[in-house]
Ligand SMILES: [Mg+2]
């Protein structure tokens, strides 16, 4: 299986203009570190991506981070970023755009944030400004204030027709549309129309991208696809079982990109 995948990479590398490179960022281009703001993309990997962006159909970073934050971390103006669960797009030399389906909910999210700031921040909760999604953190408050946060966001979310999800110490409200790495993958492919596309990921949310690539191939939109998994202790087992090629760490990712760039 993996010999075939390497051979495929080599053949794409001989005609890189037909290929799209789609990649997660944390755990793929940047090694996982204790806190996300300590993350860094190794310089060699950045230069390799820069060279590839000039040769390939498109290079896209697809991340759960805000698109601006993804750009700051990768440090390349030349590539496209899909951020914030696939809700945001940042094209080369452009400004952050919200995907059109989510745009009608922008004001509602802002209204919820405003109300949460008035009602919940005096109680010790923290309202994080994330643009098209609202996150209210209550990790550092008493359990009853936490309950009040959840109830408040659930009630307001329902009134404003937003989707509310509760995580560990955080309650989030977002537009009630599907947006994930799979929808982002489809948008990149539809916009740039490559013949072949690969996605490199390391975690559960990346599986949506793997599955969307498979669909795009079945639909005949893509000729060839490669799902490349970066193996880790914490990653889901599907990262290995659903991948066409499994690599280790950013060194493994670098090897993949070198082959594509015809440098290995
Ligand atoms: Mg990741």
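The values are calculated or read from the model by the stated rules, or taken from the named source; none is laboratory data. Bear in mind that the values here come from a model prediction, so they are computed numbers and not experimental data. For neighbour counting, all protein chains shown are included, and Cβ atoms are generated from backbone atoms with ideal geometry for every residue, glycine included.
Quick one: would you say residue 49 is without any contact (Cβ under 8 Å) to a residue 60 or more places away in the chain and either crowded, with 16+ Cβ neighbours inside 10 Å or in contact with a helix residue (DSSP H, G or I) (Cβ under 7 Å, 6 or more places away or on another chain) (or both)? Can you show your working first?
Values: without any contact (Cβ under 8 Å) to a residue 60 or more places away in the chain: no; either crowded, with 16+ Cβ neighbours inside 10 Å or in contact with a helix residue (DSSP H, G or I) (Cβ under 7 Å, 6 or more places away or on another chain) (or both): yes.
Here the answer is no, as residue 49 does not meet what is asked.
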Condition (residue is within 16 Å of the ligand (Cβ to nearest atom), surrounded by 19 or more Cβ atoms within 10 Å (Cβ to Cβ) and either within 28 Å of residue 53 (Cα to Cα) or assigned by TED's automatic domain parsing to the domain that holds residue 254 (or both)) applied to the stretch 211-224: is it met by at least one residue? no
Selection count, the stretch 1-29, where residues are within 16 Å of the ligand (Cβ to nearest atom), within 17 Å of residue 226 (Cβ to Cβ) and outside any loop (DSSP other than H, G, I, E, B): 3
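Would you mind stating whether residue 93 is touching a helix residue (DSSP H, G or I) at 6+ places or on another chain (Cβ under 6 Å) and in a loop (DSSP other than H, G, I, E, B)?
Against the criterion (touching a helix residue (DSSP H, G or I) at 6+ places or on another chain (Cβ under 6 Å) and in a loop (DSSP other than H, G, I, E, B)), residue 93 does not qualify.
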So residue 63 ticks every box in (1) touching a helix residue (DSSP H, G or I) at 6+ places or on another chain (Cβ under 7 Å); (2) modelled with pLDDT of 95 or more; (3) closer than 24 Å to residue 207 by Cα but one. Which box is left unticked? (2)
What is the one condition in (1) at pLDDT below 95; (2) more than 19 Å from residue 5 (Cα to Cα); (3) within 14 Å of the ligand (Cβ to nearest atom) that residue 231 does not satisfy? (2)
Which numbered condition residue 77 fails, given (1) farther than 23 Å from residue 9 by Cβ; (2) touching a residue at least 40 places away in the same chain (Cβ under 8 Å); (3) in a loop (DSSP other than H, G, I, E, B): (2)
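Residues are listed down the side, and each one gets a yes or a no for (1) in a helix (DSSP H, G or I); (2) in contact with a strand residue (DSSP E or B) (Cβ under 8 Å, 6 or more places away or on another chain); (3) in contact (Cβ under 8 Å) with a residue 24 or more places away in the chain:
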position: 150; (1), (2), (3): yes, yes, no
position: 158; (1), (2), (3): yes, yes, no
position: 171; (1), (2), (3): no, yes, yes
position: 176; (1), (2), (3): no, yes, yes
position: 186; (1), (2), (3): yes, no, yes
Looking at 200, 177 in this structure, which one is under 17 Å from residue 86 (Cβ atoms) and within 15 Å of the ligand (Cβ to nearest atom)? 200
Suppose the filter is crowded, with 19+ Cβ neighbours inside 10 Å, in contact with a helix residue (DSSP H, G or I) (Cβ under 9 Å, 6 or more places away or on another chain) and under 15 Å from residue 194 (Cβ atoms); does residue 17 pass it? no
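From the list 207, 112, exactly one residue is outside the structural domain of residue 45 (by TED's automatic domain parsing) and either under 26 Å from residue 61 (Cα atoms) or in a helix (DSSP H, G or I) (or both). Which is it? If you could, list the steps in order and put the result at the bottom.
Working: 207 fails: outside the structural domain of residue 45 (by TED's automatic domain parsing).
Within the list 207, 112, the selection yields 112.
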Positions within the stretch 30-74 being more than 16 Å from the ligand (Cβ to nearest atom) and within 16 Å of the chain's Cα centre (by Cα), in sequence order: 58, 59, 68, 71, 72
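Tell me the residue from 246, 256 that is under 20 Å from residue 16 (Cα atoms), touching a strand residue (DSSP E or B) at 6+ places or on another chain (Cβ under 8 Å) and within 16 Å of the ligand (Cβ to nearest atom), please. Spell out the reasoning first.
Working: 246 fails: under 20 Å from residue 16 (Cα atoms).
One residue alone meets the criteria, 256.
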Residue 106, sole failed condition from (1) within 14 Å of the chain's Cα centre (by Cα); (2) assigned to a helix (DSSP H, G or I); (3) more than 15 Å from the ligand (Cβ to nearest atom): (1)
Considering each residue of the stretch 235-262, count those that are without any contact (Cβ under 8 Å) to a residue 40 or more places away in the chain and over 11 Å from residue 5 (Cβ atoms), and give that number. 11
